[in-house]
1. Can you check what the net charge comes to around Phe125, using other residues whose Cβ is under 13 Å from the Cβ of Phe125 (Lys, Arg +1; Asp, Glu -1)?
2. Please give the helix 95-104 orientation as an angle from the longest Cα principal axis of the chain, in degrees from 0 to 90, rounded to the nearest 10.
3. How long are the three semi-axes of the equivalent ellipsoid for the chain, computed from the Cα gyration tensor as the root of 5 times each eigenvalue, in whole Å, largest first?
4. At 7 Å along Cα-to-Cβ for each site, give me the label-to-label distance between Asp225 and Thr47 in nm.
5. So, in nm, how far is label Asn284 from label Arg267 when the simple model puts each one 7 Å beyond its Cα toward the Cβ?
6. Taking the radius of gyration and the Kirkwood hydrodynamic radius from Cα positions alone, what is the Rg/Rh ratio for the range 158-255, to two decimal places?
7. How far apart, in nm, are the 7 Å Cα→Cβ label points at Asn155 and Val78?
8. Once the piece of chain linking Val165 and Met212 is laid out straight, how much longer is it, given 0.36 nm per residue of separation minus the C-alpha distance between them?
Amino acid sequence: MTTRGSLAILFGLVSLVSAADLDNARIDQLTGLKGKFNEKEGVYKVTFPRNDVKVVVDGWTMPPFMGLGTWAAFTKGVHTEAMVMGDTVLFEDEVNAAMSAALDNGLSVTALHNHFFFDQPKVYFMHIEGEGAVDKLAGAVRKVYDAAKQIRAANSQPKDSFGAVPLPQKNSISAAPLNEILEAQGESKDGMVKFTFGRLAKMHGTNIGKDMGVNTWAAFAGSDDNAIVDGDFAVAEDELQPVLKSLLKDKINIVAIHQHMTHEEPRIMFFHYWGRGPAKDLANAIKGAFLVGGLLKVSSPL
């Protein structure tokens with residue numbers, strides 16, 4: 001027998017042993033879905049189509065088969081009983097409830113993005129992963145799905161806005177209180193205030209920082225009592241989950257999670273956010289995320 005053949009048999013046996021260690025029936029029970037087993041990879045995968053809301057892409061009604069399937073895949077972990085990875089199809093008004101459910105139940109959220117242009121309603125895809133006991137992981141996945149279902153049970157069609165009180169027509173944000181909270185001098189323009197914090201990284205051996213795009217920023221508009229904040233966080237991989245949790249706790253909506261670069265060191269993840277409320281409350285939420293993620297130690301103000 002060739003070495004290649006021996007390795008194929010060996011890896012096949014490892015996969016079968018790994019799969020046999022998982023209670024697939026328990027995964028079905030906890031997720032409420034019926035999965036399928038891939039013997040070759042040693043993976044048990046549950047799926048369901050998002051067919052409860054009609055999605056039109058560029059004027060064409062999209063069948064769920066063409067890319068509107070939610071899934072979670074379980075395999076034997078190296079350091080724990082199991083590992084799960086998955087992708088969850090969500091509408092805009094479901095995202096933050098589903099993300100909170102994932103983070104509150106021990107899963108990590110690793111990406112949030114779109115797959116289409118000109119889709120109505122807008123569809124987002126939230127990637128999750130986790131390690132631990134099968135019961136814990138499968139139960140957490142079910143809670144993510146249930147969070148989205150609860151939103152749809154209340155309103156069968158996705159909302160087209162956050163439903164907040166409209167912003168004043170003229171911006172009048174007071175910079176001084178925000179400067180004090182964020183311990184930096186914001187840039188003011190037409191009643192708006194923006195803060196930018198850079199951090200250092202390397203790409204292809206070259207130092208890159210704030211002006212090369214490695215930065216966290218927060219921009220405030222509206223009035224002191226009725227404000228909006230939007231911006232972008234630049235975080236290392238280990239910082240991503242605690243910073244997401246901190247902002248969600250303070251009712252800041254996460255609207256995208258992705259990378260902006262390749263081959264950078266350390267790897268930097270970027271996520272975009274949107275919040276509404278009194279300007280001081282929003283600034284304190286941003287500062288709280290900095291403190292939780294330890295970002296004050298690695299970032300510097302404009």
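1. Value of the local net charge: -2.
2. The answer is roughly 70 degrees.
3. 39, 25, 17
4. It is 5.3 nm.
5. Distance between the two pseudo-spin positions: 3.6 nm.
6. Rg divided by Rh gives 1.02.
7. 4.4
8. Full extension of this stretch gives 13.3 nm more.
The values are calculated or read from the model by the stated rules, or taken from the named source; none is laboratory data. It should be emphasised that the depicted structure is a prediction, and the values quoted were computed from it without experimental measurement. Don't worry about glycine lacking a Cβ; one is built from the backbone with ideal geometry, like all the others, and counts go over all protein chains shown. For accessibility, only protein heavy atoms count, side chains too; no ligands or nucleic acids. Shrake-Rupley method; radii C 1.70, N 1.55, O 1.52, S 1.80 Å.
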